[in-house]
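Here the structure comes first, spelled out in structure tokens, and everything after it is commentary.
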There are 4 protein chains.
Amino acid sequence: MPLTDDQLAEIEAARATPQPTLRAVAPGMEQHLYKAVPVLDHGFVRVIDYMGDDAAIVQAARVSYGAGTKKTRDDSGLIRYLMRHWHSTPFEMCEIKLHVKLPVFVARQWIRHRTANVNEYSARYSILDREFYIPEPDALAAQSTVNNQGRGEVLQGEEAARVLEILKSDAGRAYNNYEAMLSQDGQQGLARELARMNLPANIYTQWYWKVDLHNLFHFLRLRADEHAQYEIRVYAQAIADMVKDWVPAAYGAFEDYRMGGVALSAKGVEVLKRRLAGEDVTQENSGMSKGEWREFVEVFG
Amino acid sequence: MPLTDDQLAEIEAARATPQPTLRAVAPGMEQHLYKAVPVLDHGFVRVIDYMGDDAAIVQAARVSYGAGTKKTRDDSGLIRYLMRHWHSTPFEMCEIKLHVKLPVFVARQWIRHRTANVNEYSARYSILDREFYIPEPDALAAQSTVNNQGRGEVLQGEEAARVLEILKSDAGRAYNNYEAMLSQDGQQGLARELARMNLPANIYTQWYWKVDLHNLFHFLRLRADEHAQYEIRVYAQAIADMVKDWVPAAYGAFEDYRMGGVALSAKGVEVLKRRLAGEDVTQENSGMSKGEWREFVEVFG
Amino acid sequence: MPLTDDQLAEIEAARATPQPTLRAVAPGMEQHLYKAVPVLDHGFVRVIDYMGDDAAIVQAARVSYGAGTKKTRDDSGLIRYLMRHWHSTPFEMCEIKLHVKLPVFVARQWIRHRTANVNEYSARYSILDREFYIPEPDALAAQSTVNNQGRGEVLQGEEAARVLEILKSDAGRAYNNYEAMLSQDGQQGLARELARMNLPANIYTQWYWKVDLHNLFHFLRLRADEHAQYEIRVYAQAIADMVKDWVPAAYGAFEDYRMGGVALSAKGVEVLKRRLAGEDVTQENSGMSKGEWREFVEVFG
Amino acid sequence: MPLTDDQLAEIEAARATPQPTLRAVAPGMEQHLYKAVPVLDHGFVRVIDYMGDDAAIVQAARVSYGAGTKKTRDDSGLIRYLMRHWHSTPFEMCEIKLHVKLPVFVARQWIRHRTANVNEYSARYSILDREFYIPEPDALAAQSTVNNQGRGEVLQGEEAARVLEILKSDAGRAYNNYEAMLSQDGQQGLARELARMNLPANIYTQWYWKVDLHNLFHFLRLRADEHAQYEIRVYAQAIADMVKDWVPAAYGAFEDYRMGGVALSAKGVEVLKRRLAGEDVTQENSGMSKGEWREFVEVFG
């Protein structure tokens, strides 16, 4: 259960008091504000604030005085043009601020995206809650046999049960001992900044994360991708669903040109031209390595 | 005259239609939105959008669910603490977007602040307006005789007149020739991306500039400082006046700890301790170079 | 003539004294060090320093203790894999420092690449040289009639002559007046930081520019591209020639996957699949706009 | 024991083969290259590569053709001037690449410094070693009673023994279970990217970390400071010792102006002036809060 009743009450209170503003307002995003979208067993993502909308992208691209054109169709066409030609700066003119609760091992991947602002809950200053990520049975997968950096089939039967038992009992014991070391009852109590080292990487942390739309798209392209680890992918997907409501034209262009797009190498272009000309191209005469060829064939057959 | 009637009408229209939002609203900033504050002879700064307020800094510092504490005094104390101890990330949780019209030589200094988002009016794509910065008489200063990188006394009489005449006539001729080269009347017309090279650095350009509050404070500390070139300093000061209304607690801390503060070296600390203990310290026995000593004495006598 | 005899002598002196180092050495880059490659009429690019080589990319990707594998072929395969899968961080482990002399309007485009370190010659502090970019006849092009942001056919005859005459005489007059305003002969002399505003955008400036290989590749992809303005493209190409000698495996992967590659949209993938299946796809039934279709057909016919 | 014999042999091999280079060479840094400086119980820092030296800072500040001035004293004076006046870009012209082995909870603090390049050992791809940070007795401290974010007195007797016992046995059990879950002996074997979540934050990871000198100084100012957590401070100090040998003039300026320096607020300046004028200033009439006053008095008595 990610949120307590008090927290839910705070969120309701925040949503109950609209105020007038002269800034650009994205109605699709207002409906999401402050609400916590559950992710994994104890995590969530919620939008705390946003700046800009589709029109703001157009306005910046044109360095115009007003708020973009009047015609939505023109704005959308320009946004697609900008995306297609890698004009990234207009997309940087939109900004989003999220509050995220996530396991530490997910946070460690996430933080590698450096062009963002972050404030994380401090385990030097505060005591972490007893909340650990324990995978659902269908997320409990074996090491992939073809990809060193991925997972394969779902674990079955006793092995799955054993793993879950280990994850739960090790987390529980680590947290009990964390509390025991911190306790000032009849002892001095270990410093928080030291005691936290006993906690495993599936404990939940939380942070405020603020990022511009261009860098968010980059994050989504890598992390909502099917090759991303499942546990970060579900966060990326939850965010993508919000972005779609926030900047529908920009998100549409992103889906077409980035998420659904394919980066062809010079060799790939050449092979396609030869195949379009009727030639039967094989890996051997493609100039590609086996790995490249396999990935190419996955797309084009 | 920085804005045309059409542009003023667009601004008025944008200001006439407040909309409800659930986001944090800073009333002090709403009054500035879209309005153009004149800077130099043809320039301006105007706020296009903002994200966050003083409470948002506190909220992020605490990674809290609600909107900071209820007590303004506590928020302000925490903000001062964060500023004093160089905890910069909570200040990054506020963001501002400005539309700025400025001479090219000012833009060239400004852009050196890299942690910001920029969309500049494109002189490859569009034709620049005939607007050049011509200094007011009291800004027309001689080269400093003590500082290689600064200006000294105001130019007088014929020399001042000569300089103004040169600046005006060279700008006018350059622009006439820019137009003549671009013209497609009876000729092909030079490409815009080439013709622009004939324009001097006092021509005005404009851009959308978006930055977080921490990096904006860094910009203001360097550019609102008395050692900054006058022509960028007036922009920094115009922005500072807006920031003061936007995040009064953060701006107050910034003024006390950064703008009005002094960075003492280890040697400076030592000298002050010796003087507090009654010793009469001289440059010779201070360990400081002459330059350091001069700057030290300027502050402490 | 970009370099004086004194400067050439300094460069020769720097090249005359190899010193022993334990760092990774890239022989292909050592031959370029300090030498100025002429670009445009007065510009140049020269390598001042570099860090890393192809093996350093592999070493970082593996977080290994030694210097990559022994086999060049394996290193090259891994580098291609990293490039193909957008693993950008290992490429960031190589760094290059350049000294560049370039016209101001080129510098203004260049600086938009923010993830780099820059020290520019200061016209507040120093006096600029009398050197202006005057295009060669075959670079003197008309505004494009199909692309608002590009150039079309080369100017001919009298129009070309007129343009060259304007560029030369305006630059000459602007510089004469720059000197006249600065002069302290019988007058106070205008501050350098003000006098510079009279100089047009084709005057040359220079800077030290330091960037990691990943961000350099990004720069090259955008600026060595045929859609980039000619005057920055020639710099990008001069740099690309050095990079090829520095990190041949990484450069080869970059050429194949980025420079020679094509980013297909989801719609483009779909069209190609339909065409491979024998269907005759038209713009109307492709789902693409006219602009997208035109760009698609340029590649695949 | 941080390094195996094989690893030591690799390091010796790398150190055995100096090669000629035309680049700037810092003899003080050459002696450190590749050697692992032990930090904590299993960690280390070692320099893998560097770019530039003190002269390179001067060279970039002057955008000069040669290698700085001939006189070391002049270079040092300029470097001190640059540091004093916050001219940070010349310091960015030096770069360092480190290989660091460090506990995960230290890595989590470290990574918050975003302006750096990082390649971390991947626990999705590889299996982590059985190495955990267990504090030395004198680093095993109680929670501070005055600072929520710090540690107080060293734990004594039975409490200390209990904590050490917990840390060791929990780490050991977690690692045993990590291995058990990964094992493919009679079972499928859990994916590495999942199994790692059972490991506590005192397990060691390692990375390549590359940063410019300006940002490194910023890191050192915050992390070599006495308020930093001990476990990251010892890394910062080990790095500082190398930097001192690499760029002695820049490091000297950094020590004087940053590490040993004090940032006075406007109020602090005022109080010092009043005290220098003979006034007896108290917290009450200082305008400072109690916290500010306490910190002020710690420095100036």
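The values are calculated or read from the model by the stated rules, or taken from the named source; none is laboratory data. Quantities reported herein were computed from a predicted structural model and do not represent experimental measurements. Glycine gets a Cβ as well: all are built from the backbone with ideal geometry, and neighbour counts include every protein chain shown.
Taking the condition of a type in the set (Val, Ile, Thr) and out of contact with any strand residue (DSSP E or B) (no Cβ under 7 Å at 6 or more places or on another chain), does residue B:100 pass?
Numbers: of a type in the set (Val, Ile, Thr): yes; out of contact with any strand residue (DSSP E or B) (no Cβ under 7 Å at 6 or more places or on another chain): no.
For residue B:100, the condition - of a type in the set (Val, Ile, Thr) and out of contact with any strand residue (DSSP E or B) (no Cβ under 7 Å at 6 or more places or on another chain) - is not met.
State whether the residues of region A:257-266 include one that is of a type in the set (Gly, Ala, Ser) and more than 9 Å from every other protein chain (Cβ to nearest Cβ). Working first, answer last.
Quick first cut of region A:257-266, residues of a type in the set (Gly, Ala, Ser) only: A:260-261, A:263, A:265-266.
If we keep only those that are more than 9 Å from every other protein chain (Cβ to nearest Cβ) too, we end up with none.
Among the residues of region A:257-266, not one is of a type in the set (Gly, Ala, Ser) and more than 9 Å from every other protein chain (Cβ to nearest Cβ), which makes the answer no.
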Worksheet item: Which residues, taken from region B:171-190, are in contact with a helix residue (DSSP H, G or I) (Cβ under 7 Å, 6 or more places away or on another chain) and part of a loop (DSSP other than H, G, I, E, B)?
Response: B:187, B:188, B:189
Worksheet item: Can you tell me how many residues in region C:261-301 are over 28 Å from residue A:77 (Cβ atoms) and not in a helix (DSSP H, G or I)?
Response: 2
Discussion item. Scan region B:131-154 and tell me whether some residue there is touching a Phe, Trp or Tyr at 6+ places or on another chain (Cβ under 7 Å) and either within 30 Å of residue A:95 (Cβ to Cβ) or more than 9 Å from chain C (Cβ to nearest Cβ) (or both).
Written reply: yes
Discussion item. When the residues of region A:264-281 are narrowed to those that are out of contact with any Phe, Trp or Tyr (no Cβ under 7 Å at 6 or more places or on another chain) and of a type in the set (Gly, Ala, Ser), which ends up surrounded by the fewest Cβ atoms within 10 Å (Cβ to Cβ)?
Written reply: A:278
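Residue by residue, here is whether (1) under 30 Å from residue C:46 (Cβ atoms); (2) at pLDDT below 95 holds:
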{"position": "D:4", "(1), (2)": "no, yes"}
{"position": "D:42", "(1), (2)": "no, no"}
{"position": "D:67", "(1), (2)": "yes, yes"}
{"position": "D:74", "(1), (2)": "yes, yes"}
{"position": "D:77", "(1), (2)": "yes, yes"}
{"position": "D:101", "(1), (2)": "no, no"}
{"position": "D:108", "(1), (2)": "no, no"}
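Yes or no, residue by residue, for (1) on the phi > 0 side of the Ramachandran plot; (2) surrounded by 19 or more Cβ atoms within 10 Å (Cβ to Cβ); (3) facing chain C (nearest Cβ under 9 Å):
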residue	(1), (2), (3)
D:2	no, yes, no
D:12	no, no, no
D:15	no, no, yes
D:20	no, no, yes
D:45	no, yes, no
D:53	no, yes, no
D:58	no, yes, no
D:62	no, yes, yes
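Could you look through region C:22-32, keep only residues that are assigned to a helix (DSSP H, G or I) and in contact with a Phe, Trp or Tyr (Cβ under 7 Å, 6 or more places away or on another chain), and pick out the one that is nearest to the other protein chains (Cβ to nearest Cβ)?
Of region C:22-32, the ones assigned to a helix (DSSP H, G or I) are C:27-30.
Checking the rest, the ones that are also in contact with a Phe, Trp or Tyr (Cβ under 7 Å, 6 or more places away or on another chain) come to C:28-29.
On the way: C:28: 13, C:29: 9 Å.
Only one residue fits best here, namely C:29.
State the number of residues belonging to region C:99-130 that are within 14 Å of chain D (Cβ to nearest Cβ) and either over 17 Å from the mean Cα position of the chain (by Cα) or of a type outside the set (Asp, Glu) (or both).
Result for region C:99-130: 21.
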Item to complete: From B:235, B:251, grab the single residue that is within 14 Å of chain D (Cβ to nearest Cβ), part of a helix (DSSP H, G or I), under 21 Å from residue B:46 (Cα atoms) and aromatic (Phe, Trp, Tyr).
Response: B:251
Item to complete: Find all pairs meeting these conditions: Cβ atoms under 9 angstrom apart; at least six residues apart or on different chains; first residue within region C:282-301 and at the interface with another protein chain (Cβ under 7 Å from one of its Cβ atoms); second residue among the β-branched types (Val, Ile, Thr).
Response: C:299/A:269; C:299/C:262; C:300/A:269; C:300/C:262; C:300/C:271
Worksheet entry | Residue among C:16, C:107, C:26 that is free of Cβ contacts under 8 Å to residues at least 12 places away in the same chain and among the hydrophobic types (A, V, I, L, M, F, W, C) | C:16
Worksheet item: Among the residues of region B:238-248, how many are assigned to a helix (DSSP H, G or I) and among the β-branched types (Val, Ile, Thr)?
Response: 2
Item to complete: Among the residues of region B:116-170, count how many are charged (D, E, K, R) and assigned to a strand (DSSP E or B).
Response: 3
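Please work out if residue C:96 is in contact (Cβ under 8 Å) with a residue 40 or more places away in the chain, assigned to a strand (DSSP E or B), within 21 Å of the chain's Cα centre (by Cα) and facing another protein chain (nearest Cβ under 10 Å).
The answer is yes for residue C:96.
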Discussion item. Just to be sure I understand, how many residues within region C:33-50 are part of a loop (DSSP other than H, G, I, E, B) and closer than 14 Å to residue C:8 by Cα?
Written reply: 4
Fill in: Selected residue (criterion: modelled with the highest pLDDT) from residues of region D:113-154 that are among the β-branched types (Val, Ile, Thr) and within 20 Å of residue D:98 (Cα to Cα)
D:118
Worksheet item: Could you list, in sequence order, the residues of region A:192-220 that are within 11 Å of chain D (Cβ to nearest Cβ) and either without any contact (Cβ under 8 Å) to a residue 24 or more places away in the chain or part of a helix (DSSP H, G or I) (or both)?
Response: A:192, A:193, A:194, A:195, A:196, A:197, A:198
Discussion item. For region C:33-43, give me the residue count where each residue is at positive phi and within 10 Å of another protein chain (Cβ to nearest Cβ).
Written reply: 1
Practice prompt. Kindly indicate which of A:230, A:235 is among the aromatic types (Phe, Trp, Tyr), surrounded by fewer than 21 Cβ atoms within 10 Å (Cβ to Cβ) and either assigned by TED's automatic domain parsing to the domain that holds residue A:93 or touching a Lys or Arg at 6+ places or on another chain (Cβ under 8 Å) (or both).
Written response: A:230
